[in-house]
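Please read the structure below before turning to the comments.
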Amino acid sequence: MSRKIPLIILIFFISFSKVSTLRAQYQTYSNAVKQGTRCYQLTDKGTSRTGAIISDQQYNVNADFVIAGTLNFGDDAMGADGIAFIMLPDPTALSGTLQFGEGIGYAGLPNALVIEFDSFRNRNVGDPPYDHIALLANSNPDHSKASNISGPFRANASGNIKDGLNHDFLIVWDAKVQLLTLWFDCKKVFGYQGDISRPFLGSSKTFYAGFTASTGGQTNIQTVCFKTPTQVDILKDQTYCDSATVVLDGGVNGLIFNWTPAQGLSDPHSSRPTIFLNKSRTFYLNKLDNCGNETVDSLIIKIVPNDLKVSLGNDTVLCENASLVIGVPTGGLNYKWNTGATTQNITVTKPGMYSIQVDDGICIRQDEINIDEKSLPTVSLPADTLACDHDPIRLKAAYPGAAVRWSTGSTDSLITVTEPGNYTAELTNECGTVRDDVNIDYENCSNYYIPNAFTPNHDGTNDYFGPAPSSAVIRIEQFYIFDRWGGQVYGARNIDPRDESLLWNGYFKGKLVDPGIYAYLIRLQMKNGKIINAKGDVMVVR
């Protein structure tokens, strides 16, 4: 559908997450003159000429930008010298004398980042024997120097761009990934990735954009023009019922897409963004291709109310040897069941998921119902359990659609118990009740006792020292006894606490130690998995 859309001269700065389109105004310097509303003649046919234009607008390296247009290098195949795109922190530098000839008007400008379109070979600066393009720093045209960042690249297949034709150019800076890319004659020339502020712009975050050109002993009329958008009528209006998730299809022949209004779009800079709509809305698309051509189009997404009444009701159950009639309340429409039926109502005799699609030729509604088979619940509690030290035990009894009741009075499907006893779960639904129970008991897994005295007199009683027998202790990992001067009189590792003969018998180096106080260090492995480090004193009594 054709609609009037305002056209804006295409020199715009664009963020891939937020778009703002700006009119660009330029100041002219030296021999540059404005021609019409969007073109500038940078040099005339005179020798040793220079010309420059620079934007009034100051730009920031932290924002994305796109500059597109055409460059014309003249029609004298032997002419000179070329055109350069410049990013310049201080535009007042253009007020001085610009360098003609091989300097292409930019040589010597402080802290300028340059894309050079060189149309004349100057051997003293390392020019190749064909018209070329290069990315240069420090306003230095010498390709043999470190300031030559990228290139030189052959400008076109013939190696001569002084053909009187307008050559498309597109320059894109993606601030997020710090990528500067150039397309020339619709072909990608280079993509430089990296910081451009500190190494090339004298650490300035802001700059002005423009173009310079020059002639020398050889001449050409050289111009730069900025493209204007073209209004087209390609996008097709769409109609949806009720609310819908809509795909806006901008086609694939584009480099940069800008959909407006952007609110609600999944990605306003995608060729195919999606959006959820519940009312009609008009969208506009500015699309830029790799030739720098911008088209402007629009489409209307029309949302009409969906008045179809389609409801199969809540999910339900089906008893054995029974049937159930399901359907929708509105007649006189088109029906399509997942069973293949095309009637308003159907009779089901088996459980499953049943869905219907209803349309009136314009709008569509769908619904589905899940019919479960009704059967007796099942419950299976764990086997009788012997646990440690009143550790919490979780018991679960659950069955879809069944009510749960525990012997504790709880109606939750999951309970936690910490006391011994018998626990019963009862599950009930329309088909009956089932029960199961479990016995829970507890044992000592963490308590231990280490005596504070023993009598190693071989009377068969209290002759050994160590942890008292306990089901909680499964291993003595380390066992050391020290006298009052810190000397070790006993040591053992990884011994069975149930074997009394492995404990300390009161001897050291074959002799019974003197009565008195001795220190011990014992490392115990407990039944509950914990490690206990015990220390204390024991009295040897004789």
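Rundown of residues vs (1) more than 43 Å from the chain's Cα centre (by Cα); (2) charged (D, E, K, R); (3) not in a loop (DSSP other than H, G, I, E, B), yes/no style:
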site: Thr47; (1), (2), (3): yes, no, no
site: Val66; (1), (2), (3): no, no, yes
site: Ala77; (1), (2), (3): yes, no, no
site: Glu102; (1), (2), (3): yes, yes, yes
site: Phe117; (1), (2), (3): no, no, yes
site: Phe120; (1), (2), (3): yes, no, no
site: Pro128; (1), (2), (3): yes, no, no
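Here Asp391 clears all of (1) acidic (Asp, Glu); (2) surrounded by 14 or more Cβ atoms within 10 Å (Cβ to Cβ); (3) part of a loop (DSSP other than H, G, I, E, B) except the condition numbered (2).
Taking the range 238-288 and the strands (runs of 3 or more DSSP E) fully enclosed by it, the elements with 1 or more residues that are touching a residue at least 60 places away in the same chain (Cβ under 8 Å) are at 238-241, 256-260, 281-288. Candidates are the residues of the range 329-348 that are closer than 14 Å to Glu368 by Cα and of a type in the set (Ser, Thr, Tyr); the one that is surrounded by the fewest Cβ atoms within 10 Å (Cβ to Cβ) is Thr339. Considering (1) assigned to a loop (DSSP other than H, G, I, E, B); (2) under 24 Å from Phe257 (Cα atoms); (3) among the polar types (S, T, N, Q), the lone condition that Thr70 does not fulfil carries the number (1). Given the criteria modelled with pLDDT of 90 or more, within 22 Å of Ile256 (Cα to Cα), more than 35 Å from the chain's Cα centre (by Cα) and assigned to a strand (DSSP E or B), does Thr28 qualify? Taking the combined requirement at face value, the residue does not satisfy it.
With Ser270, Ser311 as the choices, which residue is modelled with pLDDT under 95, among the polar types (S, T, N, Q) and within 36 Å of the chain's Cα centre (by Cα)? Step by step, each of Ser270, Ser311 is checked, and only Ser270 is modelled with pLDDT under 95, among the polar types (S, T, N, Q) and within 36 Å of the chain's Cα centre (by Cα). Within the option set His167, His132, being in the same structural domain as Leu42 (by TED's automatic domain parsing), more than 20 Å from Ile53 (Cα to Cα) and surrounded by 18 or more Cβ atoms within 10 Å (Cβ to Cβ) holds for one residue only, His132. What do you reckon, is Gly361 of a type outside the set (A, V, I, L, M), under 45 Å from the mean Cα position of the chain (by Cα) and under 23 Å from Asn429 (Cβ atoms)? So Gly361 fails the test. The residue list Phe16, Phe73, Phe65 contains one member that is aromatic (Phe, Trp, Tyr), modelled with pLDDT of 95 or more and either assigned by TED's automatic domain parsing to the domain that holds Ala112 or on the phi > 0 side of the Ramachandran plot (or both), which is Phe73.
To keep it simple, each residue is scored yes or no on (1) in the same structural domain as Gly536 (by TED's automatic domain parsing); (2) in contact with a Lys or Arg (Cβ under 6 Å, 6 or more places away or on another chain); (3) of a type in the set (S, T, N, Q); (4) in contact (Cβ under 8 Å) with a residue 60 or more places away in the chain.
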{"site": "Asp389", "(1), (2), (3), (4)": "no, no, no, yes"}
{"site": "Gly401", "(1), (2), (3), (4)": "no, no, no, yes"}
{"site": "Tyr423", "(1), (2), (3), (4)": "no, no, no, no"}
{"site": "Thr433", "(1), (2), (3), (4)": "no, no, yes, no"}
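Residues that are closer than 20 Å to Phe153 by Cα and touching a Leu at 6+ places or on another chain (Cβ under 6 Å) are absent from the range 71-82. Each residue in the range 170-202 was checked for being part of a loop (DSSP other than H, G, I, E, B) and surrounded by 14 or more Cβ atoms within 10 Å (Cβ to Cβ), and 7 pass.
Residue by residue through the range 289-310, note down the ones that are outside any strand (DSSP E or B) and hydrophobic (A, V, I, L, M, F, W, C). Spell out the reasoning first.
Applying the first criterion (outside any strand (DSSP E or B)) to the range 289-310 yields 289-293, 305-310.
Within the range 289-310, Cys291, Leu308, Val310 qualify.
Quick check on the range 61-75: of everything there that is touching a Lys or Arg at 6+ places or on another chain (Cβ under 8 Å) and within 19 Å of His269 (Cβ to Cβ), which residue is surrounded by the fewest Cβ atoms within 10 Å (Cβ to Cβ)? It would help to see each step written out before you state the result.
Here is the first cut: in the range 61-75, the residues touching a Lys or Arg at 6+ places or on another chain (Cβ under 8 Å) are 61-62, 64, 68-70, 73-75.
Going one step further and asking which of them are within 19 Å of His269 (Cβ to Cβ), we end up with 62, 64, 68.
Working: Asn62: 12, Asp64: 22, Ala68: 24.
Among residues in the range 61-75 that are touching a Lys or Arg at 6+ places or on another chain (Cβ under 8 Å) and within 19 Å of His269 (Cβ to Cβ), the one surrounded by the fewest Cβ atoms within 10 Å (Cβ to Cβ) is Asn62.
Taking Arg435 as the residue in question, decide whether it is closer than 30 Å to Asp315 by Cα, assigned to a strand (DSSP E or B), modelled with pLDDT of 95 or more and over 46 Å from the mean Cα position of the chain (by Cα). Criteria not met by Arg435.
Being surrounded by 15 or more Cβ atoms within 10 Å (Cβ to Cβ) and assigned to a strand (DSSP E or B) is the filter here; which residues of the range 368-384 pass it? So that I can check it myself, show each step before the final result.
Start the filter on the range 368-384 by keeping residues that are surrounded by 15 or more Cβ atoms within 10 Å (Cβ to Cβ), which leaves 369, 371, 374-375, 377, 379, 381.
Scanning the range 368-384 gives Ile369, Ile371.
The residue that is nearest to Ser298 (Cα to Cα), among those in the range 221-235 that are modelled with pLDDT of 95 or more and among the polar types (S, T, N, Q), is Thr223. Residues in the range 104-119 that are surrounded by 23 or more Cβ atoms within 10 Å (Cβ to Cβ) and not acidic (Asp, Glu): Ile104, Gly105, Tyr106, Ala107, Leu109, Ala112, Leu113, Val114, Ile115, Phe117, Ser119.
Within the range 289-345, track down each residue that is acidic (Asp, Glu) and under 23 Å from Asp237 (Cα atoms). Give the steps one after another, and end with the answer.
Start the filter on the range 289-345 by keeping residues that are acidic (Asp, Glu), which leaves 289, 294, 297, 307, 315, 320.
Residues satisfying the conditions are Asp289, Glu294, Asp297, Asp307.
The values are calculated or read from the model by the stated rules, or taken from the named source; none is laboratory data. Just so it is clear, the structure is predicted and the values come from calculations on it, not from any experiment. Here the Cβ is made from the backbone with ideal geometry for all residues, glycine too, and neighbour counts use every protein chain on show.
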